[in-house]
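Here the structure comes first, spelled out in structure tokens, and everything after it is commentary.
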């Protein structure tokens, strides 16, 4: 008897629907229920794989290789559960499935209509995800904002589910209440209009999460109650906070979990237990000794704004490991291109405790990344390379240690003489046919770790599995010369003989991975390599 909780947004996007969804799931999970979560994205893209991270934010990859919205990352981190392609729905996926079914006579020759056939496909996918995980509750976040044309059919699916089984469907509206500085008063009118817009879709919210810079006061709560036809007890204040991990604890103060269960007419399986979570949050708020970590990349700036969403999983993985070491993460954004314009500026990296070069694509900023990696290698600054960071580290080592001056990646220089980083034969065929979506090495692959390496010390295991998202690999033709000059191939995928981890000896910490370890880090279970990196930073 799965219960369905839909979470929609009001007034504007970016107000924290994903974190709210994950937090509600965490609370219900702490009360003994099996919980899963799905994200509905209104865009026509089949998945997030081909989208620019500056425009859309990080692409989160699941174990089964689905390139999804970053909200699935929040769900996994909060619930400590691995999600799959069934937890991710887009307009593109839905229409593609309906059209393919129609082409194969799946509708028995009937006229296929936008309504009800598109909403029915959405409902089928929601129920499939719930059934696969045997969830007591599935939370479904509807992307965008109520009133947008793009999400009307998803709201229609939710309405149809409510009509068919009203006792098992619940609606939450996460709405924004602005406090204009020129007025100095919290305004409820935008939320009133958001609820009325939701009403026009045939949906009345059962609960409103009132997002604002400050906590909701009694007069405003009373106003929302009267004009939005909802009990004051079902209006939950959700003010801005320092850490997203505080949200479940804040919601718990208002007995949000108990209120939801009461609406469904069920009792908790056990008393809510978020003690370990609260300890983690307390450390996050009270840790004073900083760890200064510089992230050298290119997906940072648009105009005068820094886009942290491009690397959200990396940021969270750093936080998890710092808090586990009772330290305060201090993250600095470093644009790689500045070192191309002014190479001497790279000396500023000495002021950081450690440097990370994260994933990326294309040739922009490559020269700056390579200079930063060389400086870390030569000056014993802890360095951690992620995916593209490994490829840049290998190129730097080949050029400056192995003296292969024309070492490069075919991604950067298609006809380079020494392709240290090359594309696999199967990938070459895909690129030739311009098949870019969902065609990289994606999802979980096994890796065998070499004993007596820093990676083995971190994991304590010889065999691991990690998530990937890349098309280019270390060229095995150059492995011998790299090893002769001191590079350790610390982790290898034995099935395809592909290098997964490289290390250097006689360095405090110089490790790079072809996979993305940040995707599997959790607040109460930091990733072993990130934790080892942070410890090396602290030691420095």
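The values are calculated or read from the model by the stated rules, or taken from the named source; none is laboratory data. Not measured: the values here are computed from a predicted model. All Cβ positions, glycine included, derive from the backbone under ideal geometry; neighbour counts span all protein chains shown.
Details
- Taking the conditions (1) at pLDDT 95 or above; (2) in contact with a helix residue (DSSP H, G or I) (Cβ under 9 Å, 6 or more places away or on another chain); (3) exposed (fewer than 14 other Cβ atoms within 10 Å of the Cβ) in turn, residue 276 satisfies each one other than (2).
- Scanning segment 57-74 for residues that are in contact with a helix residue (DSSP H, G or I) (Cβ under 9 Å, 6 or more places away or on another chain), assigned to a strand (DSSP E or B) and touching a residue at least 40 places away in the same chain (Cβ under 8 Å) returns 60, 61.
- Remark: pairs (first residue in segment 81-93, outside the structural domain of residue 23 (by TED's automatic domain parsing) and buried (at least 18 other Cβ atoms within 10 Å of the Cβ); second residue in a helix (DSSP H, G or I) and at pLDDT 95 or above; Cβ separation under 8 Å; 6+ apart in sequence or on different chains) are absent.
- Restricting segment 419-449 to residues that are within 13 Å of residue 493 (Cβ to Cβ) and modelled with pLDDT of 95 or more, the residue that is surrounded by the most Cβ atoms within 10 Å (Cβ to Cβ) is 447.
Results for (1) within 15 Å of the chain's Cα centre (by Cα); (2) buried (at least 22 other Cβ atoms within 10 Å of the Cβ); (3) without any contact (Cβ under 8 Å) to a residue 24 or more places away in the chain; (4) not in a helix (DSSP H, G or I), shown as yes or no for each residue.
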position	(1), (2), (3), (4)
20	yes, yes, no, no
27	no, yes, no, no
46	no, no, no, yes
55	yes, no, yes, no
76	yes, yes, no, no
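- For residue 105, the conditions (1) surrounded by fewer than 19 Cβ atoms within 10 Å (Cβ to Cβ); (2) at negative phi; (3) in a loop (DSSP other than H, G, I, E, B) all hold with the exception of (2).
- Only one of the listed residues (360, 385) is touching a residue at least 24 places away in the same chain (Cβ under 8 Å), touching a strand residue (DSSP E or B) at 6+ places or on another chain (Cβ under 7 Å) and part of a loop (DSSP other than H, G, I, E, B). That residue is 360.
A quick yes/no check of all residues on (1) surrounded by fewer than 17 Cβ atoms within 10 Å (Cβ to Cβ); (2) closer than 27 Å to residue 520 by Cβ:
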site: 346; (1), (2): no, no
site: 350; (1), (2): yes, no
site: 359; (1), (2): no, yes
site: 362; (1), (2): yes, yes
site: 387; (1), (2): no, yes
site: 394; (1), (2): no, yes
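- On inspection, residue 155 fails the criterion of being surrounded by fewer than 20 Cβ atoms within 10 Å (Cβ to Cβ) and at pLDDT 95 or above.
- Scanning segment 134-192 for residues that are in a helix (DSSP H, G or I), more than 21 Å from residue 121 (Cα to Cα) and out of contact with any helix residue (DSSP H, G or I) (no Cβ under 8 Å at 6 or more places or on another chain) yields 189, 190.
- Exactly one residue among 509, 530 is crowded, with 20+ Cβ neighbours inside 10 Å, closer than 30 Å to residue 282 by Cβ and over 25 Å from the mean Cα position of the chain (by Cα), and that residue is 509.
- Exactly one residue out of 244, 293 is in the same structural domain as residue 386 (by TED's automatic domain parsing), crowded, with 16+ Cβ neighbours inside 10 Å and in contact with a helix residue (DSSP H, G or I) (Cβ under 7 Å, 6 or more places away or on another chain): that is 293.
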